[in-house]
Structure formats: C-alpha cells, structure tokens
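The structure appears below as structure tokens.
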Amino acid sequence: MNKLQPKLFSVMKGYTKAQLIKDLTAGVIVAIIALPLSIALALASGVTPEQGLYTAIIAGFVISFLGGSRVQIAGPTAAFATIVAGIVAKNGFSGLVLATIIAGILLILMGVFKLGSLIKYIPYTITTGFTTGIAITLVIGQLKDFFGLTFQNSPIETVEKVEEVIHQFHTFNFEAFIIGAVSLAVLVVFPKFIKKIPPSIFAIIISAALVKIFNMNVNTIGSLYTISSALPMPSIPEFSLETVKAIIPDAFTIAVLAAVESLLSCVVADGMTGSRHNSNMELIAQGAGNIASALFGGIPATGAIARTAANIKNGGRTPIAGMVHAVVLLLVLVVLMPYAALIPMPTIAAILFVVAYNMSEWREFVSIIKRAPKSDTLVLVVTFLLTVIFDLVVAIIVGIILATVLFMKRMSDVTDAYGWKEIDEKTDTEHIRLKKVPDGAMVFEITGPIFFGVSNKIADVIKSGKKDVLVLRMRSVPAIDATGIHSFESIIKLCKKSGKTLILSHVNEQPMKTLVKSGMSEEIGEENICKNIDEALCRAEEILSVKTRK
C-alpha cells in the first residue's frame with residue numbers, strides 16, 4: 001500500500017468487458033447527478049456556471065486517472081463553496097487560481113512524504129463540527145436567491161450575510177419563493193417514488209417550465225450570467241511575491257480541506273466495496289487534479305462522497321467510471337450548456353439546501369452532544385461556531401489545539417505514579433499477590449505515558465522516596481517524551497547527590513529507545529535496567545547487601 005501507483009494501472013490487469021459495461025453505465029448516471037450540482041456549486045462559489053463543469057471535467061478525469069481509490073468521483077463540493085466565494089471576493093478569480101495551484105502542490109508534497117495516514121489523527125469531533133458549520137454557511141448563503149431578495153451590499157462573511165438578509169427582507173419576492181418551495185418539494189418527494197433519475201433534474205425541468213410558461217419575475221442563471229459552451233482552455237495566472245504571501249492561508253485551507261474530505265470519501269468507499277485505497281497516491285492525484293482544474297479555469301475539487309456512493313451503487317468498480325463521468329460532462333458542456341440559462345436561481349438554492357442537509361451530519365452532531373464527554377462536546381461546539389463565525393482555518397487550528405490540550409489533560413489524569421506498600425506477612429492476607437520488597441528499597445509503579453503534562457507529577461512522587469534503592473516499574477508506560485527524559489535527568493542527579501540507586505523494571509520498546517538515544521541508559525547503568533520486577537528486586541538486594549558490608 002506504500003507504493004505510489006495509481007489504482008487504474010493495477011485494476012486494468014484483470015479488466016473485463018462486463019465490468020466495462022458497468023463502468024460506462026455508472027459513469028453516465030454519475031454525470032447526470034453531477035451536472036446540476038456542478039452548476040449549483042459554481043454559483044454558490046461566486047464563479048460562472050461553466051466553471052463548475054470545467055472542474056468536474058478536468059479534476060474529475062485527472063483524479064480518477066491518477067487516484068489511489070478504485071471508485072472515487074471528484075469534482076466541486078459543498079465544503080468548498082463558501083470558502084471559494086470568500087477567496088474570489090477578496091482576491092478575485094486570479095487569486096483563487098493561484099491559491100488552488102499552491103494547494104495542489106501542497107497536496108502532492110503531502111502524498112510524496114506519505115502524510116496521508118496523518119489525516120486519521122484529526123478528531124471526529126473536529127470533522128463533524130466544521131462539516132456541520134460549512135452546511136450552515138452554505139444554507140445562509142442561499143437565502144438571498146431562495147427568497148428572491150435584493151441585496152444593497154455584497155457581504156462575504158456569514159454573519160454579515162445574515163444581517164443583510166434581515167435588513168433586506170422587505171424585498172421578498174413571492175414568485176421566487178414559490179419556485180424555490182416547489183423545487184424543494186420535488187427534491188424531497190420525488191426520490192420516494194423515482195429512484196433511478198436524480199430529483200434535481202426534475203426540479204430544474206419543472207421550475208424552468210413554470211417560470212417560462214407563466215412569465216414569472218424570477219431570476220434565472222441566464223439573467224445573471226453569460227452562459228458559455230466553450231471548451232476549457234489552459235491559462236497561466238499572473239502572480240507576484242506579494243500575491244503569493246496574501247493567498248498562502250487560503251491555499252492551506254484548500255489543501256487541508258481537500259485532503260480531509262477526499263480521504264474521508266475514500267474510507268466510506270472502502271466500506272461499501274471491501275477494497276482499500278492508497279491514501280498517499282490519492283493525495284498526489286488530488287494535488288494534480290486541483291492544479292489542472294485551476295489552469296483550465298476551474299475551482300478547487302475533492303472527492304465527493306455522494307457521487308462516489310452513487311458510482312458504487314450503480315456498478316462502478318474501477319477508475320474508468322470516473323473518467324467516463326468526466327467525458328459525458330464534456331459532451332454536455334458543448335451540446336446542452338446554453339439551456340442552463342433557463343434554470344431559476346431559487347431552484348439552485350433549493351438544490352444546495354438539500355446538499356447542505358445531506359452533508360450536515362446533524363445526527364452525529366446531536367449524538368456527540370448527548371453521549372460524548374463534555375470535553376469532546378466543547379471541541380465540537382467550538383469548531384462549529386468558529387467555522388460559521390470566522391472561517392475553516394481558524395476553526396481547525398483552534399479545534400486541534402483545544403482537542404490536544406484536553407487530550408493531554410485526560411492523559412495526565414490517567415497517568416499515575418505510586419509506591420508499593422510495605423508488607424507485613426502476618427497481617428496482610430493479600431501478600432501472595434504482591435512481591436516481597438527488600439528492606440531499604442522502595443518500588444514505584446507508573447501507569448500511562450510520561451509526557452510533559454505529567455512528568456513533574458511523576459518526578460515529585462519518586463523524589464519522595466526515602467529508601468537507598470528506588471525501583472521504577474514501567475510495564476504500563478507505553479511512551480515517553482523529551483520532558484519525561486528531562487525528569488529522569490533530575491531524578492538521576494538527585495539520586496547521585498543523596499547516594500541512592502535507581503533501578504528500572506520492564507521498560508517497553510519506545511521508552512527504551514528514547515532512554516538509549518538520550519544517553520539516560522548509560523547514566524542509570526545497563527545493569528540497573530531489568531527485564532522484569534523479579535530481576536529488579538534481586539538487583540536491589542545485591543546493591544543493599546553491598547552497602548551493608550561497607
């Protein structure tokens with residue numbers, strides 16, 4: 001799994017005609033699903049409709065061709081919509097292109113340096129918090145078109161959008177609301193009766209027909225945007241050192257979100273197919289796909305869980321299906337794109353409402369609040385609020401810092417150091433379960449990792465030992481960090497100063513490597529690092545007997 005080889009190359013060895021038919025069918029169906037979503041997400045991202053298709057075509061093809069998953073379908077996703085819209089508003093489309101290219105380079109480097117497995121260390125509470133937060137921001141961004149409002153300003157931040165909706169709600173367009181409500185009803189009701197055809201297609205056809213037949217005063221894509229069916233053409237953006245510095249935070253946001261969402265989609269796909277993805281190859285493919293998308297006029301892309309699931313359910317089992325999906329969308333761009341001008345904007349808003357609902361993970365959000373420890377709930381809520389109020393970068397950074405601090409607190413609570421009791425064999429009926437500690441020695445047991453959050457507590461307990469020999473039992477210590485080593489240094493110095501001897505028992509692999517590397521094993525003495533407690537107690541008796549003879 002560590003070999004950086006696209007899945008396409010390995011699956012083609014046993015490729016059959018029957019699987020080709022399944023992949024072709026799945027590719028066409030996924031393209032039908034992706035068509036309205038790509039247009040809707042492009043508009044939500046503040047770019048033109050065709051740029052959403054450019055993204056699905058270019059990034060979708062490249063990521064399927066190079067990807068580390070058999071079935072991943074890539075394209076524009078709801079998670080990027082509000083982020084991209086903010087970047088475009090601040091730095092223009094050229095700024096977005098540059099940020100996406102840099103993000104692509106970062107993703108490739110993440111894959112080359114095999115950082116794909118690190119994504120799993122992002123806590124579930126953080127991913128749930130920012131996913132739900134992104135869903136809320138997406139809904140808020142669509143209120144204007146759903147209610148047919150006329151904004152006086154062009155707000156970027158979510159809080160500002162809420163204020164503008166409240167202040168301009170007197171411009172409410174009843175006809176736009178009717179179209180939005182009808183579209184939403186179609187999206188909710190039709191899947192219960194017709195499962196093979198995406199409900200968004202029905203919503204678009206019905207709403208466009210109503211607007212046209214009744215000549216309704218409703219904005220359409222054509223009334224707000226110039227529709228183009230031109231093929232995507234490559235172009236290199238102009239940039240300067242100042243521009244690069246300005247968009248680095250945006251590039252980091254795109255790279256992190258693309259990595260997290262694409263690998264989460266891969267994990268979901270693995271569960272549905274029983275296969276295993278190559279996370280590092282997938283990151284390289286995501287990087288290449290985003291660079292290609294940006295160079296051809298597209299926006300950031302990542303693995304789309306809903307489209308990937310649709311691909312699997314319809315028989316897609318190789319990257320061929322994703323490549324077919326991209327080719328079909330290319331044909332749609334050339335032949336049918338002019339008809340996109342008829343799509344009402346409230347219908348686009350309704351489609352994005354449903355997308356936001358499906359991605360929101362609100363059930364998981366509520367479940368964590370009800371069942372999880374208070375510390376996890378705190379991380380969840382803080383990440384959610386920061387995503388909505390500020391942005392994803394702030395939310396992830398603060399969320400990870402908070403989760404780390406709370407984790408260290410939790411570890412410090414479970415890590416303990418305590419001394420064994422002196423045993424009176426006449427009165428202690430449980431002595432058979434304990435070891436006989438020689439007079440003049442004291443045994444300390446440490447449970448849990450020794451890291452900077454607990455090292456002082458452990459050092460203080462051990463320093464309290466009044467005997468000539470201190471035995472430190474470490475069978476329950478899985479790891480030790482630099483601060484733990486520093487604590488050992490202070491303990492060793494104190495022992496030497498007071499004429500005491502320190503013995504270690506049952507040192508596990510990671511702590512042992514750390515002690516050897518730091519030179520602490522030589523300071524303690526190899527003869528004083530014992531395999532088990534019996535050997536350590538025998539060593540203590542030897543030392544005490546020598547001291548007695550002296």
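Here are a few things to note about the model shown:
- Check on residue 171, polar (S, T, N, Q), modelled with pLDDT of 90 or more and surrounded by fewer than 16 Cβ atoms within 10 Å (Cβ to Cβ): yes
- Residue count for segment 84-96 satisfying the condition of being closer than 19 Å to residue 49 by Cα and surrounded by fewer than 24 Cβ atoms within 10 Å (Cβ to Cβ): 8.
- Residue list for segment 200-218, restricted to those being touching a residue at least 24 places away in the same chain (Cβ under 8 Å) and surrounded by 15 or more Cβ atoms within 10 Å (Cβ to Cβ): 200, 201, 203, 204, 206, 207, 208, 210, 211, 216, 218
- Of the candidates 247, 236, the single residue that is more than 26 Å from residue 345 (Cβ to Cβ) and not in a helix (DSSP H, G or I) is 236.
- Of all the listed residues (149, 184), the sole one being assigned by TED's automatic domain parsing to the domain that holds residue 87, crowded, with 17+ Cβ neighbours inside 10 Å, over 30 Å from residue 265 (Cβ atoms) and not acidic (Asp, Glu) is 149.
- Taken together, 323, 281, 216 contain a single residue that is aliphatic (A, V, I, L, M) and touching an Asp or Glu at 6+ places or on another chain (Cβ under 7 Å), which is 216.
- Residue in segment 396-413 that is acidic (Asp, Glu) and either modelled with pLDDT of 90 or more or surrounded by 13 or more Cβ atoms within 10 Å (Cβ to Cβ) (or both) present: no
- When 111, 46, 86 are screened for being under 25 Å from the mean Cα position of the chain (by Cα) and on the phi > 0 side of the Ramachandran plot, only 46 passes.
- Qualifying residue in segment 250-259 (condition: in a helix (DSSP H, G or I) and either free of Cβ contacts under 8 Å to residues at least 12 places away in the same chain or more than 29 Å from the chain's Cα centre (by Cα) (or both)): no
- So residue 242, is it among the charged types (D, E, K, R), part of a helix (DSSP H, G or I) and buried (at least 22 other Cβ atoms within 10 Å of the Cβ): no
- Residue tally, condition in contact with a strand residue (DSSP E or B) (Cβ under 6 Å, 6 or more places away or on another chain) and outside any helix (DSSP H, G or I), over segment 179-230: 2
- Enumeration of residues in segment 136-177 that are aromatic (Phe, Trp, Tyr), touching a Leu at 6+ places or on another chain (Cβ under 8 Å) and in a loop (DSSP other than H, G, I, E, B): 172
- Condition met for residue 486 (in contact (Cβ under 8 Å) with a residue 24 or more places away in the chain and at positive phi): no
- If the condition is being modelled with pLDDT of 80 or more, crowded, with 22+ Cβ neighbours inside 10 Å and part of a helix (DSSP H, G or I), then segment 456-486 contributes only 484.
- Among all residues of segment 332-347, there is none that is at pLDDT 80 or above, farther than 30 Å from residue 184 by Cβ, surrounded by 14 or more Cβ atoms within 10 Å (Cβ to Cβ) and aliphatic (A, V, I, L, M).
- Of the listed requirements (1) in a helix (DSSP H, G or I); (2) of a type in the set (A, V, I, L, M, F, W, C); (3) farther than 25 Å from residue 360 by Cα; (4) out of contact with any Gly (no Cβ under 6 Å at 6 or more places or on another chain), residue 4 misses just one: (1).
The values are calculated or read from the model by the stated rules, or taken from the named source; none is laboratory data. Quick caveat: nothing in here was measured; it's all calculated off a predicted structure. Note: ideal-geometry Cβ built from the backbone for every residue, glycine included; neighbour counts use all protein chains shown.
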